[in-house]
Amino acid sequence: MPIELIDTHCHLPDSDQVEAILANCMQNSVKYLVNVGTSLEGSNKAIKAANKHEQVYASIGIYPHEDKDVSVAKLHSALEDLLHISKKIVGIGECGIDISEWENGRSIESQIELFDMQSQLAVEHKLPLIIHNRNGDHTVLSVIEKYAPQGLKGVAHCFSQDWDYAKKLLDCGFYISFSGMITYPARRELLEVVKKMPLNKILVETDSPYLPPQGHRGEPNEPANVKLVAEKVAFARNSTLEAVAEKTTSNAKVLFSVLK
Ligand SMILES: [Zn+2]
């Protein structure tokens, strides 16, 4: 049986390169990809690409520092409107907390308000939440713990914390998604988390065009490289690419239930 992979988190460019990117996916057994929006404009574009290409699905959401001049109430109603225009929306996000050197970004209070709104939206629409977390472990966990009892599901994208934190997310029923970061020698400790993970909660992603895997650094990343991430997961768990592909793909189909 040929293997089948799903890139659960990428950002496709809005250019004529998309055809070539998708052709490369086919050659590397990547059957579907989730094209993730980070702003209203980006979410609109993610939906357009999903409507145009069979392999592409969309997630819509507002990154902590995007659309800063639009009120959270307006962003809420704009996302609600988008949810009604396509059957290929599989998730809400990426959203979450980003405490970094971002210039003119949102304050932490305002980030929480935006994240909270999108968590509610995910619960109401029974869609998984795709979470971005940079230096926001405590806040992210408190929002997840608040909504998990109401049925919130989701994934911690591009996981880069330790096993203790992974366990807390798993306790809330969350999935954990690994990116090309696990191929970096400087992040070798992440392989310990990969090894300890229950297999039924692992997802793989590229976060392309960011985070190219080791051996491709300095090049733009692309969804086809999710195969390299899956190979590294197999290596860490002393398993095979076939077994990892089969399980991570079925996990993605359970979480993003629109994917068949
Ligand atoms: Zn992303």
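The values are calculated or read from the model by the stated rules, or taken from the named source; none is laboratory data. If you're wondering where the values come from, they're calculated on a predicted model, not measured in any experiment. Neighbour counts run over all protein chains shown; Cβ positions are idealised from the backbone, glycine included. Ligands, DNA and RNA are excluded from the accessible area calculation, which covers all protein heavy atoms including side chains. Shrake-Rupley method; radii C 1.70, N 1.55, O 1.52, S 1.80 Å.
Structure data summary
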| read-out | value |
| --- | --- |
| Helix-derived mean residue ellipticity, 222 nm - over the chain, DSSP H n ≥ 4, -39500 (n - 2.57), to 500 | -12500 deg cm²/dmol |
| Whole-percent carbon and sulfur share, accessible surface of region 1-134, 1.4 Å | 49 |
| Which listed pairs, of LYS168/LYS227; LYS68/LYS196; LYS126/LYS227; LYS196/LYS253; LYS52/LYS167, have C-alpha distances above 32 Å, in listed order | LYS68/LYS196; LYS52/LYS167 |
| Computed E for THR240/ASN200 - FRET, C-beta separation, R0 22 angstrom, nearest 0.05 | 0.85 |
| Translational D in µm²/s for region 45-140 (Stokes-Einstein at 4 °C, 1.567 mPa s, Kirkwood Rh from C-alpha pairs) | 94 |
| Cα-only Debye scattering, the chain: base-10 log of I(q)/I(0) at q = 0.11, 0.14, 0.18 Å⁻¹ | -0.54, -0.90, -1.55 |
| FRET efficiency estimate (nearest 0.05) - Cβ-Cβ, TRP163 to VAL18, R0 41 angstrom | 0.65 |
| Value of relative contact order over region 5-255, rounded to a whole percent, pairs C-alpha under 8 Å and six or more apart | 19 |
| Given charges at beta-carbon only (K, R positive; D, E negative), |dipole| of region 128-220 in Debye | 120 |
| Hits among aspartates and glutamates - C-alpha to C-alpha of LYS153 under 13 Å, sequence gap 8 or more where chains match | GLU124, GLU145, ASP171 |
| Among THR248, GLY42, SER177 - extreme Cα towards positive end, dipole of the chain, charges at beta-carbon | THR248 |
| GLU189-GLU54 FRET efficiency (beta carbon distance; Förster radius 45 Å; 0.05 resolution) | 0.70 |
| Segments 97-105, 225-233 sorted - mean Cβ within 10 Å per residue, highest first | 225-233, 97-105 |
| Net charge dipole size for the chain [Lys, Arg +1 and Asp, Glu -1 on Cβ; Debye, nearest 20] | 880 |
| Lys, Arg +1 and Asp, Glu -1 on Cβ, resulting dipole of region 1-141 about Cα centre, debye, nearest 20 | 480 |
| Extended-chain gain in nm, criterion 0.36 nm per residue less alpha-carbon gap, GLU4 and LYS253 | 88.5 nm |
| Accessible surface, per residue, of the chain when the full set of protein chains is kept, probe 1.4 Å, Å² | 45 |
